[in-house]
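The values are calculated or read from the model by the stated rules, or taken from the named source; none is laboratory data. Keep in mind the model is a prediction, meaning the values are calculated, not measured. Every residue, glycine as well, gets a Cβ built from its backbone with ideal geometry; the counts of neighbours run over all protein chains shown. The accessibility values were calculated without ligands, DNA or RNA, using every heavy atom of the protein model including side chains. Shrake-Rupley method; radii C 1.70, N 1.55, O 1.52, S 1.80 Å.
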Amino acid sequence: MAQASFAVSTIRVPKRREVDVVASAVFAWCAERRIGLRTQAGVSAASAAISLFESGYRTQDALFHALHGLSGNDLAHFG
């Protein structure tokens, strides 16, 4: 009997420093706008920040400014 082969993808576990950079940027962005982290807007911002980080925005300042550049429609895409 032939065995099925399945593609196995690897999930990379983020390093503590990477989590801190993303979290700090999201906290600052939400605080500036008085948005709760657990609201839809806060969750969307976190999702956008992760995507931006993976795209090359590697510092808190870079992420914070990139989040500033997103419109409400852009953020809705992530939420």
message: Being open to solvent by 90 Å² or more (accessible area, probe 1.4 Å) and small (Gly, Ala, Ser) is the requirement here; does Ala7 meet it?
response: yes
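How about the range 55-79: which of its residues are at pLDDT below 95 and part of a helix (DSSP H, G or I)?
Passing the criteria: His68, Gly72, Asn73, Asp74, Leu75, Ala76, His77, Phe78.
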- prompt: From the residues in the range 42-71 that are open to solvent by less than 60 Å² (accessible area, probe 1.4 Å) and over 12 Å from the mean Cα position of the chain (by Cα), which one is farthest from Glu18 (Cα to Cα)?
  reply: Ser71
task: State the number of residues belonging to the range 1-32 that are under 18 Å from Phe53 (Cβ atoms) and modelled with pLDDT of 90 or more.
output: 18
